[in-house]
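Student: A single structure is presented below for examination.
The values are calculated or read from the model by the stated rules, or taken from the named source; none is laboratory data. Values in this document were obtained by computation on a predicted structure and should not be read as measured data. All Cβ positions, glycine included, derive from the backbone under ideal geometry; neighbour counts span all protein chains shown.
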Amino acid sequence: GNSVTQMEGPVTLSEEAFLTINCTYTATGYPSLFWYVQYPGEGLQLLLKATKADDKGSNKGFEATYRKETTSFHLEKGSVQVSDSAVYFCALAYPNTGNQFYFGTGTSLTVIP
Amino acid sequence: GAGVSQSPSNKVTEKGKDVELRCDPISGHTALYWYRQRLGQGLEFLIYFQGNSAPDKSGLPSDRFSAERTGESVSTLTIQRTQQEDSAVYLCASSLTGTGSYEQYFGPGTRLTVT
């Protein structure tokens, strides 16, 4: 079946540190991959996405590359800020069949000044 | 424009009671999804509506759970005879179409506590 596995949190980093949140997936065919972010007190919102192998999604300084050979979509940021403190969710979906998104369990990130 | 809204934001109910949760999607969005998020766990798909097609109910955990949507507007998720394990945040999302390449816009959720 389809599933997404994320590294467990919580993750605590100092401001300006390098961030990696690992995400691997199990799927057949060619899903699209997503990172969603949930800031405190807010709903989930799309952070970035990639729709095919070797694509790199990027937004707000975050990047993730769709690696089919390792079935991974790790989230990275070179220098985190306090405002990046949130819960990050990796997800996959099939663009042409659509009904289900498969989400990981979420990784909580806290950035301290 | 307005985002996805959900009501109530919090609901505390006694075990055995029925509850109804409401979702107002973004106007024009044909697809609507309900998810459940238990404490410390990921999002669990419950049900999906796409236009006037029959909904995909494959994620509903038991026959105590049901959902309705009229056209492309409001949806209600009903939980009958609530149990303590139903305590969770219930999230609604909508998107322009039901294909996975379209972004899902999430509401703030309804936190349900069954005592």
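Student: Any residue at all in region A:12-33 that's hydroxyl-bearing (Ser, Thr, Tyr), in contact with a strand residue (DSSP E or B) (Cβ under 6 Å, 6 or more places away or on another chain) and closer than 30 Å to B:Ala2 by Cβ?
Tutor: Yes, region A:12-33 has at least one match.
Student: Can you name the residue in region B:56-69 that is in contact (Cβ under 8 Å) with a residue 12 or more places away in the chain and farther than 29 Å from A:Tyr88 by Cβ and, of all such residues, is nearest to the other protein chains (Cβ to nearest Cβ)?
Tutor: This residue is B:Arg69.
Student: Ok, one more. Filter region B:25-50 down to the residues that are touching a Gly at 6+ places or on another chain (Cβ under 8 Å) and farther than 24 Å from A:Ala86 by Cβ and list them by number.
Tutor: Hits for region B:25-50 are B:Ser27, B:Thr30, B:Ala31, B:Ile47, B:Tyr48, B:Gln50.
Student: Within region B:86-115, can you find the residues that are at pLDDT below 95 and either away from chain A (no Cβ under 14 Å) or in contact with a Pro (Cβ under 6 Å, 6 or more places away or on another chain) (or both)?
Tutor: Matches in region B:86-115: B:Ser94, B:Thr99, B:Gly100, B:Ser101.
Student: Across region B:11-52, what is the number of residues that are under 14 Å from the mean Cα position of the chain (by Cα), of a type in the set (S, T, N, Q) and away from chain A (no Cβ under 13 Å)?
Tutor: 0
Student: In region A:11-26, what residues are out of contact with any helix residue (DSSP H, G or I) (no Cβ under 8 Å at 6 or more places or on another chain), farther than 13 Å from A:Gly104 by Cα and of a type in the set (A, V, I, L, M, F, W, C)?
Tutor: Applying the first criterion (out of contact with any helix residue (DSSP H, G or I) (no Cβ under 8 Å at 6 or more places or on another chain)) to region A:11-26 yields A:11-14, A:16-18, A:20-26.
Subsequent filtering for residues that are farther than 13 Å from A:Gly104 by Cα retains A:11-14, A:16-18, A:20.
Selection gives A:Val11, A:Leu13, A:Ala17, A:Phe18.
Student: Another question about this same structure. Spot the failing condition for B:Glu72; the list is (1) in a strand (DSSP E or B); (2) at pLDDT below 95; (3) away from chain A (no Cβ under 12 Å), and only one is missed.
Tutor: Unmet condition: (1).
Student: Mind listing just one residue for me: the one in region A:35-54 that is exposed (fewer than 15 other Cβ atoms within 10 Å of the Cβ) and touching a Phe, Trp or Tyr at 6+ places or on another chain (Cβ under 8 Å) and, of those, farthest from the other protein chains (Cβ to nearest Cβ)? Give the derivation first.
Tutor: Keep residues of region A:35-54 that are exposed (fewer than 15 other Cβ atoms within 10 Å of the Cβ), which gives A:39-42, A:52-54.
If we keep only those that are touching a Phe, Trp or Tyr at 6+ places or on another chain (Cβ under 8 Å) too, we end up with A:52-54.
Working: A:Lys52: 10, A:Ala53: 15, A:Asp54: 17 Å.
So the residue we want is A:Asp54.
Student: Among the listed residues A:Tyr30, A:Tyr102, which satisfies the condition of being surrounded by fewer than 17 Cβ atoms within 10 Å (Cβ to Cβ), modelled with pLDDT under 95 and within 11 Å of chain B (Cβ to nearest Cβ)? Lay out the reasoning, then the answer.
Tutor: On the way: A:Tyr102 fails: surrounded by fewer than 17 Cβ atoms within 10 Å (Cβ to Cβ).
It is A:Tyr30.
Student: Filter region A:1-27 for residues that are modelled with pLDDT of 90 or more and within 12 Å of chain B (Cβ to nearest Cβ) and give the result. I'd like the intermediate steps shown before the answer.
Tutor: Taking region A:1-27 as the starting set, the residues that turn out to be modelled with pLDDT of 90 or more are A:4-6, A:10-26.
Listed by number, the residues that qualify are A:Val4, A:Thr5, A:Gln6, A:Pro10, A:Cys23.
Student: So for region A:34-50 (the condition being outside any strand (DSSP E or B) and either among the β-branched types (Val, Ile, Thr) or touching a helix residue (DSSP H, G or I) at 6+ places or on another chain (Cβ under 6 Å) (or both)), does at least one residue qualify? Outline the logic, then answer.
Tutor: Step one: of region A:34-50, the residues outside any strand (DSSP E or B) are A:39-44.
Keeping just the survivors that are either among the β-branched types (Val, Ile, Thr) or touching a helix residue (DSSP H, G or I) at 6+ places or on another chain (Cβ under 6 Å) (or both) gives none.
No.
Student: Give me a count of the residues in region A:55-82 that are under 24 Å from B:Ser94 (Cα atoms), surrounded by fewer than 17 Cβ atoms within 10 Å (Cβ to Cβ) and in contact (Cβ under 8 Å) with a residue 12 or more places away in the chain.
Tutor: Number of matching residues: 2.
Student: Next question. Is it fair to say A:Val111 is within 15 Å of B:Gln104 (Cα to Cα) and more than 9 Å from chain B (Cβ to nearest Cβ)? Steps first, please.
Tutor: Details: within 15 Å of B:Gln104 (Cα to Cα): no; more than 9 Å from chain B (Cβ to nearest Cβ): yes.
In short, no.
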